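Taken together, the values in this text are just the output of simple stated rules run on the coordinates, not laboratory data. All values reported here derive from a predicted model rather than from experimental measurement. We place every Cβ from the backbone using ideal geometry, glycine too, and count neighbours over all the protein chains shown.
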Amino acid sequence: MAVRQRDGYRLCTGITRRDTLRVGALGLAGFGLADLLQLRAEAAPSTGRAKSIVMIHLGGGPSHLDTYDPKPDAPAEYRGEFTAIPTRVDGIRIGELFPLQAQIMDRLTLVRSISRVLPEEHASSLMCTGYGFTERRVQGDHPSVGAVVSKIYGAPNALLPSYVSFRGRDYESGLGAAFLGANHEPLTVQGPGKQDLQLRIPATRLASRRQVLERVNRFRTEAEAGEVEARDAFTRRALEVVSSSATYTALDVSKETEATRKRYSNDQFLAARRLVEAGVQCVSLEYGGWDTHEQNFTALRRLMPNLDRPFRALLDDLRDRGLEDETLVVMWGEFGRTPRVNGSAGRDHWPQVMSAVLAGGGLRMGQVIGATDSTGSVAAEEPVRVREMIATLYHALGIQPSTLFTDLQQRPIALVPDAEPLRKLTG
């Protein structure tokens, strides 16, 4: 059962997710201009139209049967307490507590047959990198989608970061840059902590600090040079971002009207729209609490409407600002939940199958990909692997899924070497 915490939520594993404000350096490796140009050239053949991506993680793993894959004809112990409602697209029905999304189903695509998910990993690593965190520990780390976008498209002198996360940046989340280097770690943000992004140091003093930093660096030993260079580069980059105040301004949802904030009812989603509008290329959000081993339906009566409103508001604002086609939005959890309701009126972990929703990004909308059997237990048609989803995200962003990088051991590493984009989405 997910127990609400003051600053987050606790999963059944006992892990608490907290948003944090951290600007740090975790990676070391870097690439020369020739390598970057080669990577961009390799990405060029992709027909992706998206310039940015918003990744929404539903922490805990939502029930697919109660959200995007209802089974109204199944026995009650599978069907649960909710009904299925029609949507704007004939033949597509979703859970009754998502009426706002039902009205715009022609602008969404549901993938109902995502299978081969990791059974006990209460983390977004697989959804952010294509690799589970245990797999990354054994085989070597892999960068997140946001870090890859930052590496290939990020402008080093931009006043805004390429990649912003409203989530923590622990290893299990998969949000980091791995071997891509410190400059491509996400800028992480927490509610009131965003005040720290506003410049509070006089420009003259800031310049002095930079000069001191440069002097100190001259005395570093050559043995330390590689690490120091990466960390100091990120420090300088962070100072540039902070001193511009552009990020702070984009995050300042108080600049929006009260009506807009009420329509969203969630400042993270509103800030995500502001960041994308300002030019940030990847924004990572989390709306958690879906680990419903007990009282699943009681929890979903709160969770689903509280997700439906800001998600619809975000998509409507992207459309109204002409950003829908160039902004890809993906929303999913880490696995589905048991088709049969347990004795505590809950649903347990179900890695056999889960659902995801996509919007925008120039992909083909208004459709359902894949199907589960009559009880939502297994993928009965068009099973989809998570890495195929990741490959689709990269394709939409104009990045070849087979793009090669070099890790810290100088080994060539492909982003997702064994997966192709979903053709029903890409055309």
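Cβ neighbours within 10 Å, averaged per peptide: list 276-289, 314-327 in order, most packed at the top.
Result, highest mean first: 276-289, 314-327.
So if I take the centroid of the Cα atoms in the stretch 113-192 and the same for the stretch 242-313, what is the distance between those two points in Å?
Using only Cα atoms, the two centres lie 19 Å from each other.
Go through the stretch 105-120 residue by residue and turn each phi into a ³J(HN,Hα) via Karplus (6.51, -1.76, 1.60, θ = phi - 60°); whole Hz please, and just put x for glycine and proline.
4, 5, 10, 10, 10, 9, 10, 9, 10, 6, 10, 6, 8, 6, x, 10
For residue 51, give me every one of the lysines with a C-alpha distance below 27 angstrom, ignoring sequence neighbours fewer than eight places off in its own chain.
The reachable lysines, counting only those whose Cα sits under 27 Å from residue 51, are 151, 194, 255, 424.
Ranked highest first by average number of other Cβ atoms within 10 Å, how do 129-135, 246-252 line up?
Top of the packing list down: 129-135, 246-252.
Which residues' amide hydrogens lie under 5 Å from the amide hydrogen of residue 104, considering only partners 5 or more residues apart or on another chain, with H built in the peptide plane?
Those qualifying (amide H under 5 Å, at least 5 residues apart or on another chain) are 88.
For residue 379, what charge total do you get from the other residues with a beta carbon under 13 Å from its beta carbon, if Lys and Arg give +1 and Asp and Glu give -1?
After counting each charged neighbour, the total is -2.
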